[in-house]
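Remarks on the structure that follows.
The values are calculated or read from the model by the stated rules, or taken from the named source; none is laboratory data. What you are looking at is a predicted structure, and each value in this text was computed from that prediction instead of being measured. Note: ideal-geometry Cβ built from the backbone for every residue, glycine included; neighbour counts use all protein chains shown. Areas reflect the complete protein model, heavy atoms only, side chains present, ligands, DNA and RNA absent. Shrake-Rupley method; radii C 1.70, N 1.55, O 1.52, S 1.80 Å.
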Amino acid sequence: NAGVMQNPRHLVRRRGQEARLRCSPMKGHSHVYWYRQLPEEGLKFMVYLQKENIIDESGMPKERFSAEFPKEGPSILRIQQVVRGDSAAYFCASSLMRGGNTEAFFGQGTRLTVV
Amino acid sequence: KNEVEQSPQNLTAQEGEFITINCSYSVGISALHWLQQHPGGGIVSLFMLSSGKKKHGRLIATINIQEKHSSLHITASHPRDSAVYICAVILRSGGGADGLTFGKGTHLIIQP
């Protein structure tokens, strides 16, 4: 079991480009969470998805950000028209079940730099 | 005010010292997690607690639900324990209830 796999590990984008961040959950996990860690700040919840469904996107910025978790393939966090303020580490976590009483496993993160 | 407060923010200690990191939260929670993050690295889940105490190797985590407080202890600390330790909770209600709400982390440095 390879654990939660995120790629790329590092991503550089120019302002206005699109960034696509991928997350493959642990085998057998159907619950995926995306978190953002801004420089010098703590982690913040962005979105919670199950296969083919967005369950809770209350932490997602209203514009330019979207997430999906298709039936086949990894979960994708997409940022359109990136700006410098999007530079951050984006972490994905997966769990076997929904809710807080189940262990979440984190990926290594994708460090996005917008230049 | 943050819903999850950690102290201290920074901690430098000598190898072998007993380390305590504290976490307080202000609302009802379903569970509390302690996480470890090395510089430039990923996040590792150390413990998940909803009551009592857990131990894994040199690490011990406790939680007092009534006092809304948890502690992470490291015995016989070693330089490889140097990392950021993050407390995170699952809130019982509110937006993002299925996701974790995080403290800002405690930067721990263990000097040889």
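Quick notes on this structure:
- Candidate set: segment A:1-37, residues that are within 11 Å of another protein chain (Cβ to nearest Cβ) and open to solvent by 50 Å² or more (accessible area, probe 1.4 Å); chosen: the one nearest to A:Val114 (Cα to Cα): A:His10
- Selected residue (only one of A:Glu40, A:Glu63, A:Glu52 is open to solvent by 70 Å² or more (accessible area, probe 1.4 Å), farther than 22 Å from B:Leu91 by Cβ and at the interface with chain B (Cβ under 10 Å from one of its Cβ atoms)): A:Glu40
- Residue within segment A:90-100 that is aliphatic (A, V, I, L, M), open to solvent by less than 10 Å² (accessible area, probe 1.4 Å) and within 10 Å of chain B (Cβ to nearest Cβ) present: yes
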